[in-house]
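Scroll down for the structure; my scribbles are underneath it.
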Amino acid sequence: MLLNLADIPYQVQREALWIERRDVHRLQDLLDVLSSVERSELLAAPCEHAQAQPDALQTKRLEEWTLRLQTDWFFPATDHLQFHLQPIMDLRSGGVYGYEALVRADWHGELIDAGRLLNAAAAHGQSRAFDAQARRGAIRQAYPLLQAGEILSLNFAPGVVYNPDVCLQTTFQACRDVGADFRRLLFEVTESEAFPDLRLLQRILERYRAEGAQVALDDLGAGFTSLDYLEQLRPDVVKLDRALIRELHGGDPRVPLILALVRYAHDLGIRVVAEGVETEGEFRLVRELGVDYAQGFFLARPASQPAGLLGECLSAWQRP
């Protein structure tokens, strides 16, 4: 048995394997050697002691319970959310178009990033509540820091919005609380591998637009952010997937693809952002290909205050 191979102590009770809480952290090593299919077949339920009957209603995948126990910091950490801002450059003017708000949690001096927070939220069944909390926090903390005219880009996961007329009300109220100009808000769809049905997604985007905000789709060229989505949803902005930009060079076979995507988006009246721009070569090339905006470490890293663009980036923009 795998538990024996992993040297994890267990007892057999009522045709189930019972593991002490203190040993649960060792299950991660076991999960790491299994395929995704094998992991999904392992189910678990919490018990106070070996003689107890497992609660069938709380039965979930073992990897979910393992992550939940490993992230007992999640709830208190969400009381300490902060937002780092990364600038988005307007490649035509050379100025800052706006900033994307990236959620973090300062927990006992450790800065927990968005990926860990989102995974923990899912494990604790709090994806919807955390998504809304992060949006409200970003609006209240980040919007007042921006200069006049700068856009605030806010991520949201459409899969957690079951009814836009209900779910988005607290977001709109947070905007009103800080006197936000809705025209300076860009709501960016994340979770490209798990979009809800197209009709619901369209309703969500229309609800944001009804307030005067802009909307964006992420990861064009990957996942489910397809050309069909662009044509049917007509977002204001679309972001090219990082994989299209990474180590891009003049003779790269991705260049014609990027050029075609940019032209297609422009034909639909959609502006294009290149994400993950990390070198001067990538920066120059996306600009030559007609991309409207750029974002990435070459322009500036996320920071707790809006710090503008790096001098190296500005110098590269000024050089022909």
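Residues in region 69-78 that are open to solvent by less than 50 Å² (accessible area, probe 1.4 Å), among the aromatic types (F, W, Y) and assigned to a helix (DSSP H, G or I): how many?
Residues meeting the conditions: 1.
All but one of (1) open to solvent by less than 70 Å² (accessible area, probe 1.4 Å); (2) modelled with pLDDT under 90; (3) not acidic (D, E) hold for R184, so report the exception by its number.
It fails just one condition, (2).
Checking the structure you have, find out if any residue of region 191-204 is open to solvent by less than 40 Å² (accessible area, probe 1.4 Å), charged (D, E, K, R) and either more than 25 Å from Q126 (Cβ to Cβ) or at pLDDT below 85 (or both).
Among the residues of region 191-204, not one is open to solvent by less than 40 Å² (accessible area, probe 1.4 Å), charged (D, E, K, R) and either more than 25 Å from Q126 (Cβ to Cβ) or at pLDDT below 85 (or both), which makes the answer no.
Among the residues of region 121-168, which ones are within 21 Å of F182 (Cβ to Cβ), part of a loop (DSSP other than H, G, I, E, B) and open to solvent by 10 Å² or more (accessible area, probe 1.4 Å)?
Scanning region 121-168 gives L146, Q147, A148, G149, E150, A157, N163.
Have a look at V238, V277, V262, V286 and point out the one that is in contact (Cβ under 8 Å) with a residue 60 or more places away in the chain and of a type in the set (A, V, I, L, M, F, W, C). Even if it seems obvious, please write down each step before you answer.
Details: V238 fails: in contact (Cβ under 8 Å) with a residue 60 or more places away in the chain; V277 fails: in contact (Cβ under 8 Å) with a residue 60 or more places away in the chain; V262 fails: in contact (Cβ under 8 Å) with a residue 60 or more places away in the chain.
Of V238, V277, V262, V286, the one residue that is in contact (Cβ under 8 Å) with a residue 60 or more places away in the chain and of a type in the set (A, V, I, L, M, F, W, C) is V286.
A quick yes/no check of all residues on (1) over 23 Å from A294 (Cβ atoms); (2) among the charged types (D, E, K, R); (3) more than 16 Å from the chain's Cα centre (by Cα):
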{"residue": "L118", "(1), (2), (3)": "yes, no, no"}
{"residue": "G125", "(1), (2), (3)": "yes, no, yes"}
{"residue": "D131", "(1), (2), (3)": "yes, yes, no"}
{"residue": "I151", "(1), (2), (3)": "no, no, yes"}
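Quick one: how many residues across region 169-181 are open to solvent by 10 Å² or more (accessible area, probe 1.4 Å) and either within 18 Å of A114 (Cβ to Cβ) or touching a Lys or Arg at 6+ places or on another chain (Cβ under 9 Å) (or both)?
Looking only at that region, the number is 4.
Check every one of the strands (runs of 3 or more DSSP E) wholly within region 206-320 and list those with 1 or more residues that are out of contact with any helix residue (DSSP H, G or I) (no Cβ under 8 Å at 6 or more places or on another chain) and open to solvent by 20 Å² or more (accessible area, probe 1.4 Å).
Answer list for region 206-320: none.
For region 169-186, name all the residues that are of a type in the set (A, V, I, L, M, F, W, C), farther than 13 Å from F156 by Cα and touching an Asp or Glu at 6+ places or on another chain (Cβ under 8 Å).
F172, C175, F182
So which of L81, L118, L111, L102 ends up being modelled with pLDDT of 75 or more, closer than 30 Å to D236 by Cβ and open to solvent by 50 Å² or more (accessible area, probe 1.4 Å)?
Being modelled with pLDDT of 75 or more, closer than 30 Å to D236 by Cβ and open to solvent by 50 Å² or more (accessible area, probe 1.4 Å) holds for just one of L81, L118, L111, L102, which is L118.
The values are calculated or read from the model by the stated rules, or taken from the named source; none is laboratory data. Please read these numbers as outputs of a predicted model, since none were measured by experiment. Neighbour counts run over all protein chains shown; Cβ positions are idealised from the backbone, glycine included. What goes into the accessible areas is simple: the full protein's heavy atoms, side chains included, and nothing from ligands, DNA or RNA. Shrake-Rupley method; radii C 1.70, N 1.55, O 1.52, S 1.80 Å.
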